[in-house]
Amino acid sequence: MSVNDQSATPVSPNAAGEAAVKLKASHPLALAPVTSPASSVDGFIREFLRELNFGQGVALSFSSINDQYLALARTVRHYLMARWLGTLRRQFETQAKGVAYLSAEYLLGRQLGNALLATGLTDIVEEGLAKCGIDLATLRAQEVEPGLGNGGLGRLAACFIDSLATMSVPCVGYGIRYEYGIFRQTFEDGRQVEQPDNWLALGSPWEFPHPEAAQIVNFAGHTETYEEDGTVRSRWIPGWSVQAIPYNYMVPGYQNGRVNTLRLWSAVATNAFDLRIFNSGDYAEAVRAQTFAENISKVLYPEDSTPQGKELRLQQQYFFVSASIHDFIDNVLPADFDLTHLPDRVIFQLNDTHPVIGVPELMRVLVDEKDFDWDDAWEITKKCFAYTCHTLLPEALEVWSVDLLGRLLPRHLEIIYRINDEFLDEVRERFGDDELRIRRMSIIAEHPERSVRMAYLATVAGSKVNGVAELHSQLLRDKVLPDFDEFYPGKFINVTNGVTPRRFIRLANPALSELITDALGVGWLTDLERLRELEPYAEDEEFKERFRAVKAHNKRRLSRVLVDRDGTSVDDDHLLDVMVKRLHEYKRQTLKLLHIVTLYDRITSGEVKPADIVPRTFIFGAKAAPGYRMAKEIIHLINAVGSVVNADPAVEGRLKVLFPPNYNVTLAEKVIPAADLSEQISLAGKEASGTGNMKFALNGALTIGTDDGANIEIRELVGDDNFFLFGLLEPEVEALYAKGYVPSSFYESDEGLHRAIDMIARGTFSGGDRGVFDGLVSNLLYDDRFMALADYRAYIDAQDEVDKAYLDEDRWTRSAILNVARTGFFSSDRSMRNYIDRIWHTPPSF
Ligand code: NBG
């Protein structure tokens, strides 16, 4: 069969032996091809050139890098296509229970490398392209990553769908196709400036729009009651609506022939909406309406862990959740499906509170549209949802004012009220008229304004509620939702987060992967606990030498990237000390800065000789929410300290501070494998889990960290000798708050701290201008909500221990190897197994 035949000819379902399933001719499954293109270098070249010539419309000799990248992406996706359609077909046939992962964010990272890895085509493609005179790495670098998430929460969703595909578990990821993802960060005079992230501008070869499968999503209007066969029913008369157009993305499993789907929704105006206005003759108004509708999926809110209660955000949430639930019912289930059995077919996993409006939406669909009795509908709904909480910060728990919710989604508010009434009746039945308890547990808060507590709604509706690390889950039960834990014994569980080893070890760190494979053989990438078998190699001189060579190689690779993008570099012989994560006060980038300033002070004051300091390069990577003033001041200070330190001959060759702008998944894949030291220094009890911490440990960095989030589990696994623990424990933090925390007392009593803060206040890093960092300094001295000053001395002492350990090269390498060997637990495959066994009950389907 020729190349052309293979990829272009639709095959009828009957010819493909699918007589058992009756599909409409228009059904997407009816077009499933049965073969993939040939997996040979020549076959690849033919396919690639065909895409370049006939898809992209250019000859090789005239093609740009972008042409080549797009043609390559389309060629690679052809290889996945048969598997994708096969997966969909089998899913439709078996009707096995699957996961519908509802997440407002997916921080995917680049797709090409992952698709090549999943198909096992990297070598063939590299060779084929080389024969055409093209360098694969250059084309990979051309890809703009889809930054459809802020940080850990969105990246976790991406890791989870990767694991589910790799484990052959049916899953559809549902989310929003933001036209602009997380902003592109630049610095001007050291200050963050946000630029729009126009990730779609050069083409988007990984997506498949399906306008024919659009859903209508309604908003506003009013509700009314009517009688039908003697029952009073409600209906919603919406005020306006938009269309949700699905864009499908392939989520390939790792070399297992499975491809799941990520379905992201894009908003456009409905025809009816336009027409009404067009007919009134107001063309400009009609165009405005279009823009209004399209605004819904225009931009990702750049807030991480601190949502603002903006109307457009609620619109986004309802938009994607409503479209997804309808999509599942209309397109994934067979036409005659009895929704009583919905819990046997799907579990909607709520990734934080953003999709919680899906609970009243499913109730509305069942009761108002499908004529279910309320109680029956509630029984179904409770079995169909589960909720993951990702935070402990009170300001991060979403609430929506009743006023706004009632205006935008009047029927949903009625439904929430009824859910709440019935829930509180149950509470009264159990605990009597304990009004304080009722007020505490009500889904509706009365102060400071009447509002809906989305986490409570999710807890009442969810079959399970999970936290994301042991400590977080425990605090969630004991501190955030203790009444609910008492009321629903067994509902709260822990599932510690994980990360995909495909992207964060195999793709990000090929040199380490090769070393591991040389030692263990293949198979560890889908069975990460096997890294344990590396333990004996921590004593093997040859292995240790090779391990060090891998780190050195990764540092040089990072250095080349930094030279290219920013004109900065990492010195080979420096300890590479890295803090990359969103900028947030609770994560305490300022504490890291105080350490740097202290080292700088030690040298410039003559307290220590430069030669006696372990040379370090510090790397920060962090975006601040554009409206978060203090976070932006901290960014400014990091850059200010960097400019002074990097230009001072007194510390040359000993200290260097780098802050590459626009930290994203692509940069993470270069920074993490090069790091020696991973900074995980949040105030104990504030970081729900962290996932960066896991990526560093798996790539052989040692952690300096507090007793917080998943750091605790990392330390338990790697052992105290291979982890630098410091700082207050969570109960000590609580006790200090209770006693009355006075940050200035730490400043007064610790000379090093005093000097460091004075240097900032005096203008050492702002050209002598004392005013520049006033706000930041007084915040530290008189508020310091996250107790950086209280932990300063312990942190500095722990860093001095780091220096000592680093000087003993043999000990350091041993610890680094043990970090890799003992952290296989943090594979997202393990997290997924926990969700499957304890929450979803969705076994692998084939
Ligand atoms: C974040 C937490 C992290 C955690 C990720 C993934 C939010 C609301 N939460 O600690 O801050 O690792 O979620 O669970 O973004």
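The values are calculated or read from the model by the stated rules, or taken from the named source; none is laboratory data. Since the structure is predicted, the reported quantities are computational estimates derived from the model, not experimental observations. All Cβ positions, glycine included, derive from the backbone under ideal geometry; neighbour counts span all protein chains shown. Side chains are part of the model used for accessible areas, which takes the heavy atoms of the whole protein and leaves out ligands, DNA and RNA. Shrake-Rupley method; radii C 1.70, N 1.55, O 1.52, S 1.80 Å.
Just to be sure, is Asp707 touching a residue at least 12 places away in the same chain (Cβ under 8 Å) and acidic (Asp, Glu)?
So Asp707 fits the description; yes.
When the stretch 340-358 is examined, which residues are found to be open to solvent by 10 Å² or more (accessible area, probe 1.4 Å) and farther than 24 Å from Glu303 by Cα?
Thr340, His341, Pro343, Asp344, Arg345
Looking only at the stretch 230-250, filter to residues that are part of a strand (DSSP E or B) and free of Cβ contacts under 8 Å to residues at least 24 places away in the same chain; which one of those is nearest to Val321 (Cα to Cα)?
Ile237
So the check is Cβ under 9 Å with 6+ separation or different chains; which pairs have a first residue in the stretch 536-549 that's crowded, with 17+ Cβ neighbours inside 10 Å and a second one that's not in a helix (DSSP H, G or I)?
Pairs found: Phe547/Gly700.
Could we say that Gly700 is more than 14 Å from Ala790 (Cα to Cα), away from the ligand (no atom under 16 Å from the Cβ) and assigned to a loop (DSSP other than H, G, I, E, B) here?
yes
Yes or no: the stretch 703-711 includes at least one residue that is part of a loop (DSSP other than H, G, I, E, B), open to solvent by 20 Å² or more (accessible area, probe 1.4 Å), within 13 Å of the ligand (Cβ to nearest atom) and within 23 Å of Ile635 (Cβ to Cβ).
No, the stretch 703-711 contains no residue that is part of a loop (DSSP other than H, G, I, E, B), open to solvent by 20 Å² or more (accessible area, probe 1.4 Å), within 13 Å of the ligand (Cβ to nearest atom) and within 23 Å of Ile635 (Cβ to Cβ).
Out of Ala30, Ala71, Ala15, I need the residue that is crowded, with 17+ Cβ neighbours inside 10 Å, at pLDDT below 95 and not charged (D, E, K, R). Which one?
Result of the check over Ala30, Ala71, Ala15: Ala30.
Among the residues of the stretch 827-839, is there at least one that is in a loop (DSSP other than H, G, I, E, B) and either touching a residue at least 12 places away in the same chain (Cβ under 8 Å) or over 26 Å from the mean Cα position of the chain (by Cα) (or both)?
no
Just need a number here: residues in the stretch 416-449 that are open to solvent by 70 Å² or more (accessible area, probe 1.4 Å) and either over 36 Å from the mean Cα position of the chain (by Cα) or small (Gly, Ala, Ser) (or both).
Selection size over the stretch 416-449: 8.
Could you list, in sequence order, all residues of the stretch 792-815 that are in a helix (DSSP H, G or I) and of a type in the set (Asp, Glu)?
Answer for the stretch 792-815, where residues must be in a helix (DSSP H, G or I) and of a type in the set (Asp, Glu): Asp797, Asp800, Glu801, Asp803, Glu809, Asp810.
In the stretch 395-427, which residue that is within 15 Å of the ligand (Cβ to nearest atom) and touching a helix residue (DSSP H, G or I) at 6+ places or on another chain (Cβ under 8 Å) is farthest from Arg450 (Cα to Cα)?
So, considering only residues that are within 15 Å of the ligand (Cβ to nearest atom) and touching a helix residue (DSSP H, G or I) at 6+ places or on another chain (Cβ under 8 Å), the one farthest from Arg450 (Cα to Cα) is Leu397.
Kindly check whether there is at least one residue in the stretch 771-787 that is at pLDDT below 95 and not in a helix (DSSP H, G or I).
yes
I'd like to know if the stretch 359-366 contains one or more residues that are open to solvent by 10 Å² or more (accessible area, probe 1.4 Å) and within 16 Å of the ligand (Cβ to nearest atom).
no
I'd like to check which helices (runs of 4 or more DSSP H) are fully inside the stretch 454-501 and have at least 1 residues that are farther than 24 Å from Ser401 by Cβ and within 15 Å of the ligand (Cβ to nearest atom).
470-475
For the stretch 611-639, enumerate the residues that are open to solvent by 10 Å² or more (accessible area, probe 1.4 Å), closer than 20 Å to Phe773 by Cβ and not in a loop (DSSP other than H, G, I, E, B).
Of everything in the stretch 611-639, those that are open to solvent by 10 Å² or more (accessible area, probe 1.4 Å), closer than 20 Å to Phe773 by Cβ and not in a loop (DSSP other than H, G, I, E, B) turn out to be Arg629, Met630, Lys632, Glu633, His636, Asn639.
Taking Cys389 and the conditions (1) open to solvent by 30 Å² or more (accessible area, probe 1.4 Å); (2) within 16 Å of the ligand (Cβ to nearest atom), which numbered condition does it fall short on, given that it satisfies the others?
Every condition holds for Cys389 apart from (1).
Is it true that Tyr301 is among the hydroxyl-bearing types (Ser, Thr, Tyr), at pLDDT 95 or above and not in a helix (DSSP H, G or I)?
yes
Checking the condition under 29 Å from the mean Cα position of the chain (by Cα) and either open to solvent by 60 Å² or more (accessible area, probe 1.4 Å) or modelled with pLDDT of 95 or more (or both), which residue from Pro489, Pro410, Pro501 passes?
Just a single option satisfies the conditions, and that option is Pro501.
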